[in-house]
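Engineer: Below is the structure I would like to discuss, written out as structure tokens.
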Amino acid sequence: MTKISCRQICFIMLIYTAVSKFIIYPTYLSYYTGRDLLFSALINFAVQGVIVWSVSYLCSRTDKTFFGLLKDTFGNIFARIIFGLFALFFLLATINPLFEQKLYVHDIFYDTVPSLMIFLPVFFFLVYASAKPFLNIGRCADICLPLFLLSMLLILVMSLHEVKFDNFLPVFTQPKKIFSSSLASVFRFIEPAYLLMFMGRFRYKKGDAAKITISYIGGAVFVLVVLAAFYGIYGDVAPTRHFAISKISLFFPAIDLVGRIDLLALYVLEITMLFALVLNIQLAIECIAQCTGYENRAVLSVAVNAVFFLILIFCDNKYNAISTLFSKWMWIVFLIFANLIPLASWFLRKKNEED
Amino acid sequence: MVTLDKNIKGVKSVLTSEDIIVFEFASLSGKKFASIYADGVADKQLLGELVAKPLKDVKEDDTLEEIKKRLASPEVKDGDKIADAIKEISDGNAVLFVDGEKDFFIIGLKKPPGRTVAEPPTQVAVKGPREGFTEDIKTNLGLVRKRLKSDKLQIKTLRAGKQSDTAVALIFIDGICPDGLAERVQKEIEQKSVDIVPDSSYISQFISKKPKSLFRHNGSCEKPDIFCAKISEGRVGILVDGSPIALTVPYMLIEDFQAVEDYYQVSYRSTILRILRLVSLMVGIFLPAFYVSAQLFKIQLIPYRLLLKISSSVSGLALSPSVEMFLTLFLLEVLIEASIRMPKYVGLAMSVVGALVLGDTAVQAGIISTPAIIIIAFSAISLFTTPDLVETSTTLRWLFLIIGGSLGTFGIVMFTAFLICYLVSEQSYGVPLLAPFAPIIKGDLYDSIVKSNMYALNKRPEAFKAKNKVRIKER
């Protein structure tokens with residue numbers, strides 16, 4: 001795995017944190033928590049932010065990779081097993097975003113609902129991009145940052161004027177639901193797991209932990225603003241509106257004159273979303289490679305994407321079931337891999353005997 | 001003792017062509033000489049002035065050293081092998097044999113026919129120098145020397161092409177160019193064996209790690225001022241005899257958005273023009289594909305009033321939007337190709353036939369619509385704002401049109417992501433093709449899409465890892 005820079009990790013934390021939560025997450029939160037959706041999201045972001053800081057601070061204490069830490073503490077076999085489990089985790093973490101992507105693409109790119117076939121060519125891209133060396137992740141993030149910022153700027157400018165802040169009052173009407181929905185949304189928050197994989201892959205300099213955490217907070221702010229815009233515009237009917245990011249700019253007065261220019265911004269944002277999907281698959285491939293010792297990324301990429309291809313074919317219309325499965329049952333898996341293990345990594349042996 | 005006849009026969013047995021001229025003359029004392037040269041390539045007048053005339057006073061017993069001293073030519077080399085003599089004659093120089101001597105002199109009289117220094121057609125500048133490279137490598141080297149008088153300027157001459165034996169010059173500045181870069185380029189050129197090298201584009205493929213790539217991996221220019229500026233940033237320049245196009249490596253994609261005038265005018269204006277070029281390129285590549293996919297898959301992309309106009313234009317059209325756009329683009333490509341190949345005096349007639357007869361009647365006949373023609377024309381004009389990228393961008397326009405017509409805008413977005421993924425991993429001699437954007441190189445961003453003023457560019461581009469990084473400093 002080639003080294004990436006701290007700046008690129010910051011970009012990943014900023015962009016991919018945000019774009020992975022723009023599609024169904026706002027609808028889901030507004031359905032379960034109504035006007036308190038911001039608090040629910042805030043809880044998730046606060047918890048994750050602390051873990052992100054914890055893992056990035058751990059990077060200042062060791063220059064080993066996560067695999068190296070596991071190997072030095074528990075031995076090679078155990079490290080391989082854990083990485084095998086992480087590979088499964090990243091594969092699992094890709095399923096929901098992949099289905100969300102399919103639905104989102106069908107909604108914003110086509111006037112009529114097209115067949116699944118029109119989405120399947122995405123696998124050509126995924127196979128190609130996932131097979132690329134790790135260095136690509138960071139460089140793609142470099143390119144994605146201006147695209148993300150420009151498109152978000154346009155979308156937010158087109159949407160914020162329609163926000164009615166009285167939609168958020170009164171607050172804390174169902175405090176229990178805030179926490180339960182936070183727990184059910186845990187499967188959307190896997191950034192600390194990304195950081196575990198980046199450990200030892202970048203040269204840590206003083207202050208990098210703060211930079212990474214601030215970038216994560218930046219991503220969180222974008223999500224919170226979109227959530228606020230979404231609920232502020234739609235209010236009580238928000239749960240019936242899917243694909244929030246594409247719905248918030250619909251009421252821009254000049255659309256009649258200039259057309260749906262927000263769609264152009266959404267298309268640019270889609271590039272970033274595709275790369276966010278690639279990141280999960282690339283990390284899964286990386287974990288498989290570490291676990292099995294098999295280094296041919298092209299073969300691994302074909303194999304992993306073939307699995308997703310089959311899942312997509314056979315579960316085409318089962319998004320609701322998949323979403324329910326993840327929010328009701330899978331949260332425990334995500335809690336372990338994206339929260340507990342990153343925190344527990346502090347207890348691994350950080351220095352060699354001779355150090 | 002080697003007679004003059006033996007030497008002449010030795011050369012003529014290999015160079016049997018009739019344009020190889022043997023000029024035999026003698027001094028007043030009777031010492032015989034023979035000069036052999038290729039007619040039309042060597043300068044006969046200089047041969048008389050600098051060689052024959054000074055040798056008239058040579059005495060019968062003068063040694064080779066004494067004869068050499070009498071020669072007025074500034075470029076005289078010694079030779080002793082007939083093979084060398086043959087090579088030099090083929091190259092345009094003259095060889096002087098002395099009766100009774102095995103050794104000979106090689107006299108630099110090369111003066112191949114060629115055009116004079118003129119403004120290059122592809123890099124026209126309103127402000128700034130107007131000189132352009134010619135097909136003669138010596139003239140081109142002179143143009144470079146004229147601008148780079150540094151004692152650190154290095155020129156390495158290589159030979160490429162088994163039959164053409166073309167001279168290739170590697171030019172770099174010692175102390176700025178990174179160690180080993182020139183050697184790497186030299187190795188790449190020397191490793192390839194080809195019959196002839198008629199143009200630098202052959203060398204361009206030799207030095208590229210991925211010659212089949214849609215994107216080139218080396219820069220090119222026709223102007224010595226640009227060439228020298230690039231060399232002084234740490235690149236290696238390549239001049240090929242017979243080609244007015246000079247090459248430079250390493251290369252970054254952003255170079256094609258930087259026009260020569262950007263450096264001779266106010267930086268704000270340059271920045272605006274660079275943004276304009278980038279936007280034009282995007283429009284040129286994406287517009288036809290977006291237009292087709294909007295019509296076929298996402299009509300909301302088109303503003304309502306414009307949609308009404310378009311619908312009135314396309315109603316009753318016999319062809320589908322993608323076939324219509326395909327046909328129009330094909331027509332444009334045919335027109336461009338024909339206008340380049342046809343003699344100039346037919347050009348006007350062809351413009352009338354192409355633009356008026358074909359275009360107008362096709363619209364009236366309901367085969368293609370007016371918006372399609374406007375879009376293709378606008379796309380074509382837009383692409384020519386970055387002339388160095390035209391080959392790539394026109395191919396991409398076709399690809400995007402095919403994808404947009406079959407998969408819609410999602411196909412366009414996906415293919416764009418694919419291109420980004422491809423480009424971020426590409427390198428030219430260790431320099432990322434998308435630098436300074438991926439990876440971001442902060443210092444180099446000042447001369448990317450944004451063009452800062454000269455004082456902000458006080459460092460050489462970091463991407464090239466130049467040995468001497470400082471470009472401007474206070475004295």
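Laboratory data are not the source of any read-out in this text; all were calculated from the coordinates shown. Note that this is a predicted model, so its numbers are computed, not measured. Please note: Cβ atoms are built from the backbone with ideal geometry, for glycine as well, and neighbour counts cover all protein chains shown.
Engineer: Under a point spin-label approximation (7 Å from Cα along Cα-to-Cβ), what is the A:VAL113-A:LEU335 distance to one decimal in nm?
Structural biologist: 3.5 nm
Engineer: Rank by packing, highest mean first: peptides B:207-218, B:231-242, with packing defined as the count of other Cβ atoms within 10 Å averaged across residues. Please list the in-between numbers first.
Structural biologist: On the way: B:207-218: 16.4, B:231-242: 25.6.
Highest-to-lowest ranking by the protection proxy: B:231-242, B:207-218.
Engineer: A further question follows. Could you give the angle, 0 to 90 degrees to the nearest 10, between helix A:175-184's Cα long axis and the longest principal axis of the Cα atoms of chain A?
Structural biologist: Taking the Cα atoms of chain A, the angle to A:175-184 is about 50 degrees.
Engineer: For A:THR292 and B:LYS465, what does the FRET efficiency come to when R0 = 51 Å and r is the distance between their Cβ atoms, rounded to the nearest 0.05?
Structural biologist: Working: r = 37 Å, r/R0 = 0.72.
Efficiency for this residue pair is about 0.85.
Engineer: So, by mean Cβ neighbours within 10 angstrom, what's the order for A:184-191, B:71-78 with the highest one leading?
Structural biologist: Working: A:184-191: 23.9, B:71-78: 13.6.
The most tightly packed comes first, giving A:184-191, B:71-78.
Engineer: For A:ALA306, project a label point 7 Å along Cα to C-beta. Then give me every residue of segment A:111-143 with its amide nitrogen under 20 Å of that point.
Structural biologist: A:120-132
Engineer: In what order do A:VAL299, A:VAL19 fall by count of nearby beta-carbon atoms within 10 Å, going from fewest to most?
Structural biologist: A:VAL299, A:VAL19
Engineer: How much net charge surrounds A:TYR25 when only the other residues with a Cβ under 12 Å from the Cβ of A:TYR25 are counted, with Lys and Arg +1 and Asp and Glu -1?
Structural biologist: Numbers: positive: A:LYS21, A:ARG188; negative: A:GLU100.
Neighbourhood net charge equals +1.
Engineer: Between B:GLY114, B:GLN258, B:PHE97, whose Cα lies farthest towards the positive end of the dipole of chain B when Lys and Arg beta carbons carry +1 and Asp and Glu beta carbons carry -1, centred on the Cα centre?
Structural biologist: Looking along the dipole axis, the top candidate is B:GLN258.
Engineer: Under the Karplus relation 6.51 cos²θ - 1.76 cosθ + 1.60, θ = phi - 60°, what is the ordered set of whole-Hz ³J(HN,Hα) values for segment B:339-347, x standing for Gly and Pro?
Structural biologist: Taking θ as phi minus 60°, the curve returns 5, 6, 7, 6, x, 4, 5, 8, x Hz for segment B:339-347.
Engineer: To the nearest 20 debye, what charge dipole does segment B:198-333 have about its Cα centre, counting +1 at the Cβ of each Lys and Arg and -1 at the Cβ of each Asp and Glu? If you can, show how the numbers build up before the last one.
Structural biologist: Working: 13 positive and 11 negative charges, 112 e Å.
It comes to approximately 540 debye.
Engineer: Let me ask something additional. By how many degrees, between 0 and 90 and to the nearest 10, does the Cα long axis of helix B:370-383 differ from the longest principal axis of chain B?
Structural biologist: 40 degrees
Engineer: Same structure again: For segment B:50-71 and segment A:106-140, what is the separation of their Cα centres, given in Å?
Structural biologist: 79 Å
Engineer: Based on Cβ point charges of +1 for Lys and Arg and -1 for Asp and Glu, what charge dipole magnitude is obtained for the protein assembly as shown about its Cα centre, in debye rounded to the nearest 20?
Structural biologist: Values: 88 positive and 75 negative charges, 470 e Å.
Once rounded to the nearest 20, the dipole reads 2260 debye.
Engineer: Would you mind checking the tilt of helix A:297-314 against the longest principal axis of the Cα atoms of chain A, expressed as 0 to 90 degrees and rounded to 10?
Structural biologist: Rounded to the nearest ten degrees, it is 40.
Engineer: Along Cα→Cβ, 7 Å out, is where each label goes; now give me the distance between the ones at B:ILE272 and B:GLU60 in nm to one decimal.
Structural biologist: Result for the modelled spin labels: 8.4 nm.
Engineer: Still on this structure, I have one more. Can you tell me which of B:334-342, A:35-43 comes out highest on packing, and rank the rest after it, using the mean Cβ neighbours within 10 Å?
Structural biologist: Sorting B:334-342, A:35-43 by mean packing, highest first, produces A:35-43, B:334-342.
Engineer: Another one. Could you line up A:PHE202, B:PHE384, A:PHE109 from fewest to most neighbouring Cβ atoms inside 10 Å? Kindly include the intermediate steps, with their values, before the conclusion.
Structural biologist: On the way: A:PHE202 20, B:PHE384 13, A:PHE109 26.
Listing A:PHE202, B:PHE384, A:PHE109 from fewest to most nearby Cβ atoms yields B:PHE384, A:PHE202, A:PHE109.
Engineer: Return the long-range amide H neighbours of B:PHE23 (sequence gap of 5 or more, or a different chain), with a cut-off of under 5 Å between placed amide H atoms.
Structural biologist: Answer set, sorted by chain and number: B:SER35, B:ILE36, B:TYR37.
Engineer: A further question follows. So if a site counts as exposed when it's one of the GluC sites (Glu not before Pro), its DSSP state isn't H, G, I, E or B, and it has at most 15 other Cβ atoms within 10 Å, what's the longest stretch of chain A without one? Walk me through the intermediate numbers first.
Structural biologist: Values: sites that count: A:GLU295, A:GLU353, A:GLU354.
In chain A, the maximal stretch lacking such sites is A:1-294.
Engineer: Enumerate the calculated ³J(HN,Hα) couplings along segment B:290-303 in order (Karplus 6.51 cos²θ - 1.76 cosθ + 1.60, θ = phi - 60°), each rounded to whole Hz, writing x wherever the residue is Gly or Pro.
Structural biologist: Using θ = phi - 60°, the values come out as 5, 4, 5, 5, 5, 5, 7, 10, 9, 5, 4, 5, 8, x Hz.
Engineer: For each pair in A:LYS132/B:LYS156; B:LYS6/B:LYS77; A:LYS64/A:LYS177; B:LYS56/B:LYS111, compute the distance between the two Cα atoms and list the pairs where it is over 29 Å.
Structural biologist: Details: A:LYS132/B:LYS156 37 Å; B:LYS6/B:LYS77 21 Å; A:LYS64/A:LYS177 41 Å; B:LYS56/B:LYS111 24 Å.
Check vs 29 Å cut-off fails for A:LYS132/B:LYS156; A:LYS64/A:LYS177.
Engineer: Taking the Cα centre of segment B:137-251 as the origin and placing charges on Cβ (Lys, Arg +1; Asp, Glu -1), which of B:SER208, B:ALA169, B:VAL194 is farthest toward the positive end of the dipole?
Structural biologist: B:SER208
Engineer: Take every residue in peptide B:405-411, count the Cβ atoms of other chains within 10 Å of its Cβ, and give the average of those counts.
Structural biologist: 6
Engineer: Placing +1 on the Cβ of each Lys and Arg and -1 on the Cβ of each Asp and Glu in the protein assembly as shown, which of A:TRP329, A:ILE281, A:ALA131 has its Cα farthest towards the positive end of the resulting dipole?
Structural biologist: A:TRP329
Engineer: Next question, about the same structure. Using the structure shown, list the pairs from B:LYS44/B:LYS87; B:LYS192/B:LYS344; B:LYS81/B:LYS467; B:LYS152/B:LYS473; B:LYS44/B:LYS102 with a Cα-Cα distance above 30 Å, or answer none. Numbers along the way, then the final one.
Structural biologist: Details: B:LYS44/B:LYS87 18 Å; B:LYS192/B:LYS344 38 Å; B:LYS81/B:LYS467 42 Å; B:LYS152/B:LYS473 19 Å; B:LYS44/B:LYS102 24 Å.
Cα-Cα > 30 Å for B:LYS192/B:LYS344; B:LYS81/B:LYS467; rest within.
Engineer: OK, next. With only Lys, Arg, Asp and Glu charged, each at its Cβ (+1 for the first two, -1 for the last two), find how big the charge dipole of chain A is about the Cα centre; round to the nearest 20 debye. Mind dumping the intermediate values first?
Structural biologist: Working: 29 positive and 21 negative charges, 163 e Å.
Roughly 780 debye for chain A.
Engineer: Could you tell me the distance between the Cα centroids of segment B:75-89 and segment B:167-189, to the nearest Å?
Structural biologist: Here the two parts' Cα centres lie 27 Å apart.
Engineer: Sort B:LYS223, B:LYS9 so that the residue with the fewest other Cβ atoms within 10 Å of its own Cβ comes first and the one with the most comes last.
Structural biologist: Details: B:LYS223 24, B:LYS9 11.
By the 10 Å Cβ count, ascending: B:LYS9, B:LYS223.
Engineer: How much FRET efficiency would the formula 1/(1 + (r/R0)^6) give for B:ASP5 and B:ILE155, where r is the Cβ-Cβ distance and R0 is 30 Å, rounded to 0.05?
Structural biologist: Working: r = 39 Å, r/R0 = 1.29.
E between B:ASP5 and B:ILE155, to the nearest 0.05, is 0.20.
Engineer: Further question on the same structure: Summarise the partner chain shielding of A:128-140 as one whole number: the mean count of Cβ atoms from other chains within 10 Å of each residue's Cβ. Display every interim value, and only then the final one.
Structural biologist: Working: counts 4, 6, 1, 1, 4, 1, 0, 4, 6, 1, 4, 12, 7.
Mean shielding by partner chains, rounded to a whole number: 4.
Engineer: Further question on the same structure: Taking a cut-off of 18 Å between Cα atoms, list the aspartates and glutamates near B:LYS442, but don't count ones fewer than 8 places away on the same chain.
Structural biologist: Reachable aspartates and glutamates: A:ASP142, A:ASP208, B:GLU233, B:GLU255, B:GLU462.
Engineer: Residue-wise, which Karplus ³J(HN,Hα) couplings in Hz belong to segment B:188-194, taking 6.51 cos²θ - 1.76 cosθ + 1.60, θ = phi - 60°, and x for glycine or proline?
Structural biologist: Working through the residues one at a time gives 4, 6, 5, 6, 8, 10, 9 Hz.
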